[in-house]
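A short write-up of the structure that comes next.
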2 protein chains.
Amino acid sequence: MAVVSPTLSSVKQALSGAIEAGSTVTVRGWVRTRRDSKAGLSFVNVSDGSCFDPIQAVAPATLANYESEIRHLTAGAGVIVTGTLVPSQGKGQAFEIQATGVEVTGLVDDPETYPIQPKQHSMEFLREVAHLRPRTNLFGAVTRVRHTMMMAIHRHLTSEGFFWINTPIITTSDAEGAGDMFRLSTLDLANLPRTDGGKVDFRKDFFGREAFLTVSGQLNVEAYCLAMSKVYTFGPTFRAENSNTPRHLAEFWMIEPEIAFADLAADADCAERFLKAIFKAVLDERADDMAFFAERVAPDAVTRLENFIARPFERIDYTDAIEILKNSGQKFEYPVAWGVDLQTEHERYLAEKHVGRPVVVMNYPEAIKAFYMRLNDDERTVAAMDVLAPGIGEIIGGSQREERLDYLDRRMTKFGLDLDTYGWYRDLRRYGTVPHAGFGLGFERLLCYVCGLSNIRDAIPYPRAAGSADF
Amino acid sequence: MAVVSPTLSSVKQALSGAIEAGSTVTVRGWVRTRRDSKAGLSFVNVSDGSCFDPIQAVAPATLANYESEIRHLTAGAGVIVTGTLVPSQGKGQAFEIQATGVEVTGLVDDPETYPIQPKQHSMEFLREVAHLRPRTNLFGAVTRVRHTMMMAIHRHLTSEGFFWINTPIITTSDAEGAGDMFRLSTLDLANLPRTDGGKVDFRKDFFGREAFLTVSGQLNVEAYCLAMSKVYTFGPTFRAENSNTPRHLAEFWMIEPEIAFADLAADADCAERFLKAIFKAVLDERADDMAFFAERVAPDAVTRLENFIARPFERIDYTDAIEILKNSGQKFEYPVAWGVDLQTEHERYLAEKHVGRPVVVMNYPEAIKAFYMRLNDDERTVAAMDVLAPGIGEIIGGSQREERLDYLDRRMTKFGLDLDTYGWYRDLRRYGTVPHAGFGLGFERLLCYVCGLSNIRDAIPYPRAAGSADF
């Protein structure tokens, strides 16, 4: 096998025009389709995942293995093609390869039953063959867009001076809602250790106490924020919610930027720059994949992102938003009144109908928001925000954090939280407190929005949702 | 509070020379030290985490809050300093700020007991105040170097055409060694559901069967490799090992690149480029932090990386390495013979004494290596490699994967693995198999090597090791 070749090229490079026509190239990948012409040639489309399009190799019957191997190539076969890069005769790609050699590394056992045929498959079916679905046009494109978005997130935040902080996945604090958390243990369930009182003795467990999978790194990352000024988490997060909906995953990736010396307005500005930078990267770097999504999945996939970037987000106070909804003349399933949380139908009305572009709703009633959010001077609202986008509703949630220890303590007491358990978090307000703010968003939800996917299980490399399991 | 200011600057920007002397600037951060002069001035060193050095602000007694606040500033206080950026009078930094305003956002409660005093603390003590330790010189530097290395990993792999694949953290496959895995459950331990036979009924658990935290994403990422050609995992990984050593973490980040159409030589080349690219980024982008590590932690911190980059890695066959060790005249604690796995003492001898630079040992005995590694033609060895580095020993482990289904099946049977459980993995060899290879490394171990840290708990944002728990 020619593992290294001076003429080695990815399909992307070969199609890009960066290699001079007439050059000898070697590309390696998997067959998408094979078509034989009556003139004694085979046209073999080869994909290597580097870009949306495969490259066409034209294999003449004069090749030594033409009858024995090339004529048996089917979708999925592994090949190494060497030949001359030439301008393409037909429509489609600009270049093709006049093959002088086609090495077959592996055929497909029983091609009739190979799951990834060159036709459209149902999403349900593809979830059952998750190990093969990246070989489809759709999931190849999702994988590339996912990568581009993740890199754009890191690049954008680094350019603004942020540091990536890997907050703990395993936590021994269950205060944020143990009901939705996965418990972690190395105890032998068949023979659980017991205390004298007959309860499970977690002192014998791995960490010497109960342990869970984290639902958010925010509290932990605040400590780093109050030393490094700009930080973010970007990692897997877990929810043991038994809601088997297309909108929930048990395991998903979350991004939580946190900035010191920031109020809610600065937080909203940071979120706006963040989303625009990611979408711009997708449009700039994945035009081929986005064109596919626009053609096959969501006709407005590209224009939606372009419109998102084109204009400033609107800002509306929650109290004003409630008035707008009340006076909208719309019939909503969930009634609107000051004090209620906004539902997706309300959010989408505001973004799509009222404003016609993304909108940040700010200053929500304190009673419906988390304990760490900063109480406003009106004492009825907290400095919380949601970014609402056309076509989806809430896409980012954030807040200024309560940096005043006495206010925080009052709010924690009201929420029934134990001050001692949060001693370290309270320390951050005792030792050089500063105003700070942050936001969070689920990555797969954003990816669904960009690619036009309707089921979040298709936005994660291996589908997993409440009630499912890996293959 | 002046959240946004046209003159806003990070300490890094202010010290870099990029801002014209005489400009008005505002910097925001935390006091490191305060010194009062007899001339009626205070010198306040302010750090914001953006770079190693704090900036000195000179606050005159004429400021309105000089007596009431500035003279009470202690280490850790939050401040917003506005003033004129001027060339520094004293030695140390090139610039300082002649303050025209010092806003205090938060003093330090009871400064005498504030844990982060401007002096050297023991590492043990700092692990107990993990939420405050990023405020020290050492952990600020570790945090920045960590970020730089992580970004360098993503950037380098992206530049080579790799895609980041987020393989599952939760796995229902325990075949890789359940003894070392954390079990995950939402069952009520006080009232476990039972089967008729009296066993725990995992069909009632969240995923309908037993679930664990992953110990590696390699098998899952291979499926993506055989569609996208070049992929990598980079995420948290878990080991429930009860070894309370400075070398093990229960939760750590691992990187696993995987390349299609590659043999072991290509794998070693990929690993060499990878390590060199990361170390080069650290030297280029974190000179200030690395100078600190060289001064305070490991005198050869910088030269070690420079030497690492300067020359090609050596390559040695395992069989030759055994002969070299046998003939070395060294007394080793663990005896050397063909068939044994190399111990750290052997690895370090090879890298430090025999070669004097990093060395890749290749083709290990098949009996001591994992089932997925490719059997060599001699049928005694597999295409496995370890990269050994001076000062640490093994830093990367990798292999060419067995791409031949019949060989894989034989090896799995030998290892006592159930072929049906691995049906999806075997599919990858049935459907267009291609030679492929990959490697893996623990990120925190690499970070320890770069920063000269001796305890791996100091390389992760929140220390956690076997037997410990978060605060």
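The values are calculated or read from the model by the stated rules, or taken from the named source; none is laboratory data. The shown structure was predicted, so the numbers you read here are calculated from the model rather than taken from an experiment. All Cβ positions, even for glycine, are placed from backbone atoms using ideal geometry, and neighbour counts span all protein chains on display. Heads up: the accessible areas ignore ligands, DNA and RNA and are worked out on the full protein's heavy atoms, side chains in. Shrake-Rupley method; radii C 1.70, N 1.55, O 1.52, S 1.80 Å.
Of the residues making up the stretch A:223-243, those that are surrounded by fewer than 24 Cβ atoms within 10 Å (Cβ to Cβ) and not in a strand (DSSP E or B) are A:239, A:240, A:241, A:242, A:243. Residue pairs whose Cβ atoms lie under 8 Å apart, separated by 6 or more positions or on different chains, with the first residue in the stretch B:260-273 and in the same structural domain as residue B:223 (by the TED database) and closer than 25 Å to residue A:135 by Cβ and the second among the hydroxyl-bearing types (Ser, Thr, Tyr) and buried (at least 18 other Cβ atoms within 10 Å of the Cβ), are B:260/B:229; B:261/A:105; B:261/B:229; B:267/B:399.
Of the numbered conditions (1) closer than 14 Å to residue A:29 by Cβ; (2) within 35 Å of the chain's Cα centre (by Cα); (3) open to solvent by 50 Å² or more (accessible area, probe 1.4 Å), residue A:103 fails exactly one; give the number of that condition. All conditions pass for residue A:103, except number (2). Would you check if residue B:298 is farther than 26 Å from residue B:170 by Cα, among the aliphatic types (A, V, I, L, M) and part of a loop (DSSP other than H, G, I, E, B)? Taking the combined requirement at face value, the residue satisfies it.
For residue B:312, indicate whether it is open to solvent by 60 Å² or more (accessible area, probe 1.4 Å), in a loop (DSSP other than H, G, I, E, B) and under 26 Å from residue B:16 (Cα atoms). Talk me through it step by step, then tell me what you get.
On the way: open to solvent by 60 Å² or more (accessible area, probe 1.4 Å): yes; in a loop (DSSP other than H, G, I, E, B): yes; under 26 Å from residue B:16 (Cα atoms): no.
Taking the combined requirement at face value, the residue does not satisfy it.
List every residue pair whose Cβ atoms sit under 7 Å apart, with the two residues 6 or more apart in sequence or on different chains, where the first one lies in the stretch A:330-348 and is assigned by the TED database to the domain that holds residue A:393 and the second, anywhere, is open to solvent by 80 Å² or more (accessible area, probe 1.4 Å). Filtered contacts from the stretch A:330-348: A:336/A:326; A:339/A:367; A:343/A:334; A:345/A:333; A:345/A:334.
Just checking, does the stretch B:100-108 include any residue being assigned to a loop (DSSP other than H, G, I, E, B), hydroxyl-bearing (Ser, Thr, Tyr), outside the structural domain of residue B:145 (by the TED database) and touching a residue at least 12 places away in the same chain (Cβ under 8 Å)?
As a first pass, look at the stretch B:100-108 and keep what is assigned to a loop (DSSP other than H, G, I, E, B): B:107.
Next, from what is left, pick out any that are hydroxyl-bearing (Ser, Thr, Tyr): none.
No; the residues of the stretch B:100-108 include none that is assigned to a loop (DSSP other than H, G, I, E, B), hydroxyl-bearing (Ser, Thr, Tyr), outside the structural domain of residue B:145 (by the TED database) and touching a residue at least 12 places away in the same chain (Cβ under 8 Å).
Yes/no per residue for (1) in a strand (DSSP E or B); (2) over 27 Å from residue B:457 (Cβ atoms); (3) out of contact with any Asp or Glu (no Cβ under 6 Å at 6 or more places or on another chain); (4) not assigned by the TED database to the domain that holds residue A:291:
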site	(1), (2), (3), (4)
A:143	no, yes, yes, no
A:150	no, yes, yes, no
A:154	no, no, yes, no
A:187	no, no, no, yes
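All but one of (1) within 11 Å of chain A (Cβ to nearest Cβ); (2) in contact with a helix residue (DSSP H, G or I) (Cβ under 9 Å, 6 or more places away or on another chain); (3) surrounded by fewer than 22 Cβ atoms within 10 Å (Cβ to Cβ); (4) at pLDDT below 95 hold for residue B:170; which doesn't? Single failed check for residue B:170: (2). Within the stretch A:203-222, being open to solvent by 30 Å² or more (accessible area, probe 1.4 Å) and touching a helix residue (DSSP H, G or I) at 6+ places or on another chain (Cβ under 9 Å) holds for A:208, A:209, A:210.
What is the residue count in the stretch A:94-136 for residues that are in contact with a helix residue (DSSP H, G or I) (Cβ under 6 Å, 6 or more places away or on another chain), within 9 Å of another protein chain (Cβ to nearest Cβ) and under 15 Å from residue B:223 (Cβ atoms)? Selection size over the stretch A:94-136: 5. Regarding residue A:162, is this residue at pLDDT 95 or above and either in contact with a helix residue (DSSP H, G or I) (Cβ under 8 Å, 6 or more places away or on another chain) or open to solvent by less than 20 Å² (accessible area, probe 1.4 Å) (or both)? So residue A:162 passes the test.
If you scan the stretch B:252-269, which residues turn out to be assigned to a helix (DSSP H, G or I) and either among the small types (Gly, Ala, Ser) or crowded, with 23+ Cβ neighbours inside 10 Å (or both)?
B:264, B:265, B:266, B:267, B:268
Is there a residue being within 10 Å of chain B (Cβ to nearest Cβ), within 24 Å of residue A:141 (Cβ to Cβ) and open to solvent by 10 Å² or more (accessible area, probe 1.4 Å) anywhere in the stretch A:52-65?
So the first thing to find is which residues in the stretch A:52-65 are within 10 Å of chain B (Cβ to nearest Cβ), and the list is none.
So far as the stretch A:52-65 goes, no, none of its residues is within 10 Å of chain B (Cβ to nearest Cβ), within 24 Å of residue A:141 (Cβ to Cβ) and open to solvent by 10 Å² or more (accessible area, probe 1.4 Å).
The requirement of being open to solvent by 60 Å² or more (accessible area, probe 1.4 Å), more than 31 Å from the chain's Cα centre (by Cα) and under 17 Å from residue B:135 (Cα atoms) is satisfied by residue B:34.
Do any helices (runs of 4 or more DSSP H) entirely within the stretch A:383-465 hold 2 or more residues that are more than 30 Å from residue B:129 (Cβ to Cβ) and within 11 Å of another protein chain (Cβ to nearest Cβ), and if so, which?
Values: elements: A:405-414, A:423-430, A:443-451.
Answer list for the stretch A:383-465: A:443-451.
The set of residues from the stretch B:195-221 being more than 10 Å from chain A (Cβ to nearest Cβ) and touching an Asp or Glu at 6+ places or on another chain (Cβ under 6 Å) comprises B:195, B:215, B:218.
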